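Here the structure comes first, spelled out in structure tokens, and everything after it is commentary.
The values are calculated or read from the model by the stated rules, or taken from the named source; none is laboratory data. Keep in mind that this is a model prediction, so the values were computed, not measured. Don't worry about glycine lacking a Cβ; one is built from the backbone with ideal geometry, like all the others, and counts go over all protein chains shown.
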Amino acid sequence: MTTRSAGTPPRPRRRSASVAGRDAPAAAPATVSVKAGYHHGDLARALVQAAMHLVEQGGPAALTLRDAARLAGVSVAAPYRHFADREALLAAVLTAGFDGLTAHTEAARQAAPDALQALRAVGLAYVDFAAAHPSVYRLMFGPECDKAAHPDLMDAGARARGVLLLAVRNAQAAGLVGGGPPETVALAGWSICHGLASLHVDGMLAGTIPMPIEQAARAVVDMLLAGAVLAPAGAARR
């Protein structure tokens, strides 16, 4: 079975992320030193940290219960106290991934000076997270894990989407963004940011766009917002 909040959510590596129109360093990552960090009673967290490290270093094929146990410094039988099989551990890794995405986008939203900049910041932070954790990000949205079979994972995904939806609702409540139901506007923003992030982590943009991913994200998000922002009363819409 999966264990809720078993793992430490990943935080983006040190890189430049534009948040609310300002360039600011992304949060430093949690150090993956699972052997040193493991202590009695915290086995599930240590195993998820170890599993996430394996995925980030070697992709999904590198994730096994045996290797997670080895990296955590416990016996090969120890993981089965918390995870029935590899998919259960993988689901816990993806849950931690979505929680990390939530934390990163929510921090960007809260740091923004107004509702429109908060919406922009959430989109940029989304792409930044994917670029910092490409292997985990691919798995979060890939078919390898049967997500519907893991309620904690589904809840974590809903929380991640909720940050964007809240940002849209706040911008609409402030009279800054139109476009119809907030769920539809959020879906449009999510689709564009997810598409750009996926193209980047899959290497499809290499040699294709003459700019870093951070700059591309700003251009795409600003283009989206230009079509959604409401003109001031009495002003002509460009």
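Annotations for the structure displayed:
- Failed item in (1) surrounded by fewer than 18 Cβ atoms within 10 Å (Cβ to Cβ); (2) modelled with pLDDT of 95 or more, with Leu94 passing the rest: (1)
- Scanning the stretch 175-216 for residues that are assigned to a helix (DSSP H, G or I) and β-branched (Val, Ile, Thr), we see that the one that is nearest to the chain's Cα centre (by Cα) is Val201.
- The listed residue being within 30 Å of Ser191 (Cβ to Cβ) and assigned to a helix (DSSP H, G or I), out of Ala96, Ala46, Ala69: Ala96
- Of all the listed residues (Ala226, Ala171, Ala158, Ala219), the sole one being in contact with a helix residue (DSSP H, G or I) (Cβ under 8 Å, 6 or more places away or on another chain) and in a helix (DSSP H, G or I) is Ala171.
- Selected residue [at pLDDT below 95 and surrounded by fewer than 22 Cβ atoms within 10 Å (Cβ to Cβ)] from Arg81, Arg159: Arg81
- The residue that is surrounded by the most Cβ atoms within 10 Å (Cβ to Cβ), among those in the stretch 163-189 that are without any contact (Cβ under 8 Å) to a residue 40 or more places away in the chain and within 15 Å of Ala121 (Cα to Cα), is Ala186.
- Residue match in the stretch 214-234 (condition: among the hydrophobic types (A, V, I, L, M, F, W, C), farther than 21 Å from Asn170 by Cα and modelled with pLDDT under 80): no
- Filtered by the rule that a residue be over 17 Å from His194 (Cβ atoms) and either small (Gly, Ala, Ser) or surrounded by 19 or more Cβ atoms within 10 Å (Cβ to Cβ) (or both), the stretch 110-151 gives Ala111, Ala112, Ala115, Leu116, Gln117, Ala118, Cys145, Ala148, Ala149, His150.
- Residue in the stretch 131-150 that is hydroxyl-bearing (Ser, Thr, Tyr) and over 23 Å from Glu56 (Cβ atoms) present: no
- Tabulated pairs, the stretch 132-149, first free of Cβ contacts under 8 Å to residues at least 60 places away in the same chain and under 18 Å from Met204 (Cβ atoms), second surrounded by fewer than 17 Cβ atoms within 10 Å (Cβ to Cβ) and among the hydrophobic types (A, V, I, L, M, F, W, C), C-beta under 9 angstrom, 6+ apart or interchain: none
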